[in-house]
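The structure appears right after this line, and notes come after that.
Every number here is computed from the coordinates shown, using simple stated rules; none is lab data. Worth saying up front: this structure is predicted, and the values here are computed from it rather than measured. Neighbour counts are summed over all protein chains in view; Cβ atoms, including those assigned to glycine, are modelled from backbone coordinates with ideal geometry.
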Amino acid sequence: MNPRGGIIALRLGATLQIFDIEKKQKLKSHKLEEEPSVFFWRWVTPDTIGMVTQSSVLHWSLSGQGEPEKMFDRHANLAACQIINYRVSVDAKWLLVVGIAPGQQQVCCFYFVWGGRLGAYVC
């Protein structure tokens, strides 16, 4: 459910859909090419869904008809992890992926975005 309410996102396999439940209307739909598709997803802003896939992190905006946009490749340190969180700073310059590796070790990867491009990362 969108943080503002009234909008819900649903996923079935690789198909993602966004609905306005108050207007009973489908707003967007997209089928990801990557399988398995989404391991973790959440609303990172009231207008954007963040998704962590096997190989990358995507943002899908409610505005326009665009497809999900790749933000960066998922770091190799997260390969064997179960993803438990994804966060974006208020200014959208810092992105954080959190996972738990086998043996309950927590792995965090911070990504810095500058000018719409990945600037650096720390894992």
Reviewing (i) 128; (ii) 201; (iii) 108, the figure for volume of the Cα convex hull per residue in Å³ actually calculated from this model sits under (iii)
HN-Hα couplings for region 8-18 via Karplus (6.51, -1.76, 1.60; θ = phi - 60°), in whole Hz with x for Gly/Pro, come out as 10, 10, 10, 9, 9, x, 8, 9, 10, 9, 10
Along region 43-50, Karplus-curve 3J(HN,Hα) (6.51, -1.76, 1.60; θ = phi - 60°) to the nearest Hz, with x for Gly and Pro, reads 6, 8, 9, x, 10, 9, 9, x
The number of Lys pairs in the chain whose alpha carbons lie under 28 Å apart, excluding pairs fewer than 8 residues apart on one chain, is 7
Diffing region 65-74: the Karplus 3J(HN,Hα) column from phi (6.51, -1.76, 1.60, θ = phi - 60°), in whole Hz with x for Gly and Pro, holds 10, x, 7, x, 9, 6, 8, 6, 7, 5
The long-range amide H neighbours of Cys81, using H built 1.01 Å from N in the peptide plane and a cut-off of under 5 Å, are none
For Leu27 and Phe110, extending 7 Å from Cα along the Cα-Cβ vector and measuring point to point gives, in nm, a value of 3.1
